[in-house]
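The values are calculated or read from the model by the stated rules, or taken from the named source; none is laboratory data. This one's a predicted model, so the numbers in the text were calculated from it and none came from an experiment. Ideal geometry is used to build each Cβ from the backbone, glycine not excepted, and the neighbour counts take in all protein chains shown. When the accessible area is computed, the model is the full protein with side chains, heavy atoms only, and any ligands, DNA or RNA have been set aside. Shrake-Rupley method; radii C 1.70, N 1.55, O 1.52, S 1.80 Å.
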Amino acid sequence: MLNIHKEAPSEGVGILKLEGEVTIESAEQFREALLEGLRDKNHLMLNCDAVTNIDFFAIQMICSAHRSSVTWEKLFTWHGSPPPAVKKALQAAGFSRSHGCDLCPKDATCMWV
C-alpha cells in the first residue's frame, strides 16, 4: 500500500513523501500525484525515505516525470538521497549513472546521477 503526503515548504516548491510500496498496484495514484506536483510547482522533490519496495513500473514513472519536468522547464529532484531499498531497485533496473541524462540542461543536476 502506498501513502503519499504532500508538503509545500515554500512558494513554488513541493515535496511528495512516499510511504510504503510504490508498485504497479499504486501506479495511477502515483502518476496523478506526480502530474499534479509538476503542474502546480516549479520545483517538485521526491522523498522516498519511507519506501519499503519500489518496482520497475514506478521507476519508469519517475523517469517519465523527470523527462516531463525538463520539457516543462521545471525542476524535479530527490529530497535527500534515495534510501538503500530504492538505490538497489534503481541499480537493478539500470538507472544508476555516473553522468546526467542527455535531456538535462548543462547547468542542471540530473536526478539520475
When you look at F30, is it in contact with a His (Cβ under 6 Å, 6 or more places away or on another chain) and closer than 19 Å to E7 by Cα, yes or no?
-> no
Which of (1) modelled with pLDDT of 90 or more; (2) buried (at least 17 other Cβ atoms within 10 Å of the Cβ); (3) over 10 Å from the mean Cα position of the chain (by Cα) does V13 not meet, given it meets every other one?
-> (2)
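Quick grid of which residues meet (1) within 23 Å of M1 (Cα to Cα); (2) under 10 Å from the mean Cα position of the chain (by Cα); (3) not acidic (D, E):
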residue: I24; (1), (2), (3): yes, no, yes
residue: N42; (1), (2), (3): no, no, yes
residue: N47; (1), (2), (3): yes, yes, yes
residue: I54; (1), (2), (3): yes, no, yes
residue: M61; (1), (2), (3): yes, yes, yes
residue: S68; (1), (2), (3): no, no, yes
Filter pass, I24 being touching a strand residue (DSSP E or B) at 6+ places or on another chain (Cβ under 8 Å) and not polar (S, T, N, Q) | no
May I ask you to list the residues in the range 45-91 that are over 13 Å from L103 (Cβ atoms), open to solvent by 30 Å² or more (accessible area, probe 1.4 Å) and assigned to a helix (DSSP H, G or I)?
-> F56, F57, Q60, M61, P84, A85, K87, K88, Q91
Given (1) surrounded by 14 or more Cβ atoms within 10 Å (Cβ to Cβ); (2) under 14 Å from the mean Cα position of the chain (by Cα); (3) not aromatic (F, W, Y), number of the condition E32 does not satisfy | (1)
Being of a type outside the set (D, E, K, R) and either open to solvent by 40 Å² or more (accessible area, probe 1.4 Å) or in a helix (DSSP H, G or I) (or both) is the filter; apply it to the range 92-104 and report the residue that is nearest to L35 (Cα to Cα).
-> L103
Unmet criterion (only one of (1) in contact with a His (Cβ under 7 Å, 6 or more places away or on another chain); (2) modelled with pLDDT of 95 or more) for F76 | (2)
So, of the residues in the range 11-43 that are charged (D, E, K, R) and in a helix (DSSP H, G or I), which turns out to be farthest from W72 (Cα to Cα)?
-> E25
